Amino acid sequence: MGLGHILVVGLQVRLHLPWELAALLVVLAGAGIGAINGLLITQFRISSFIATLGIGTFVYGISQWYTGGEQIVGRKFPGGFLLLSENIGPVPFGLILVLAVALALWITFEYMVPGRFLYVIGSNQRAADLTGIPSARYKLLAFVASGTLTGIAGVVLGSELRVGQSTVGADFLLPAFAGALLGATSVRPGRVNVWGTLLAVSVLAVAVSGLQHLGADFYVEPLFNGVMLVLAVGLAEYARRRRERQMGVRRSGESERSDKNPTR
């Protein structure tokens, strides 16, 4: 996302490209980075954590190289580009975009075959392979989709900041982890889900904003994010184990009922 906001500003300021073309190139770059991550994980069997962390660090280096450690500042941007960070009536455009993406992901995960396959792969990839699900293909598509959404977020961030700086981006890493894991403890405990993640991200954002308005020192925000990440991991693991125990009890009950009432 840091590289995306730098490029969408830099391509307009340095190369004088139309903002639509700059945004499209950034989104394609995000999809390409996601594809690289997916190929490293599915084809070269590299751990997803190591692959994404390594590529993320590499991309951060590209950001440093492109900016030279300095800000990229534009005097005037097109109105269409600035609209991405403004309000449509009383509602911010960014909020409308987030809700639209959340709705699309919810429909995909809950009611469409690719989403159900991704849940199975995330729960037990070995079982997914045995049932004939092409897990490598769907994992690759998931990383491409993630990179595409990150590119879109970079474009919106560039419209909001209206300046490109290489230090932006890394601060979003821990809140992203914490939001997804906390989301698995709220709406559908033990399972990562769209609306739970959206709720958790909103709570984290409000909490951080509240700390800033209360005059908390600059180091309080990373302390808060670190504690919330550890808490989120613990709660998510507890919710997962509780869900597994409940499923085990339900299955044992069904087995006992079938033994008492055998079918002929």
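The values are calculated or read from the model by the stated rules, or taken from the named source; none is laboratory data. Since the structure is predicted, the reported quantities are computational estimates derived from the model, not experimental observations. No Cβ is skipped: glycine too gets one built from the backbone with ideal geometry, and neighbour counts run over all protein chains shown.
It is to be established whether one or more residues within the stretch 75-87 are within 24 Å of L174 (Cα to Cα) and not β-branched (V, I, T). Looking through the stretch 75-87, at least one residue is within 24 Å of L174 (Cα to Cα) and not β-branched (V, I, T). Among the residues making up the stretch 49-80, those that are more than 22 Å from E20 (Cβ to Cβ) and in a loop (DSSP other than H, G, I, E, B) are G68, G69, E70, Q71. The residue list L7, L40 contains one member that is in contact with a strand residue (DSSP E or B) (Cβ under 9 Å, 6 or more places away or on another chain), assigned by TED's automatic domain parsing to the domain that holds L161, modelled with pLDDT of 95 or more and surrounded by 14 or more Cβ atoms within 10 Å (Cβ to Cβ), which is L7.
Would you confirm whether or not the stretch 105-114 contains a residue that is acidic (D, E) and more than 20 Å from V192 (Cβ to Cβ)?
no
Tell me yes or no: at least one residue of the stretch 159-166 is in a helix (DSSP H, G or I), at pLDDT 90 or above, outside the structural domain of V233 (by TED's automatic domain parsing) and surrounded by 20 or more Cβ atoms within 10 Å (Cβ to Cβ). Yes, the conditions are met somewhere in the stretch 159-166.
Only one entry of G179, G210, G196, G226 meets the criterion of being part of a helix (DSSP H, G or I) and under 22 Å from N37 (Cα atoms), and that entry is G179. Here G94 clears all of (1) in a helix (DSSP H, G or I); (2) touching a Gly at 6+ places or on another chain (Cβ under 7 Å) except the condition numbered (2).
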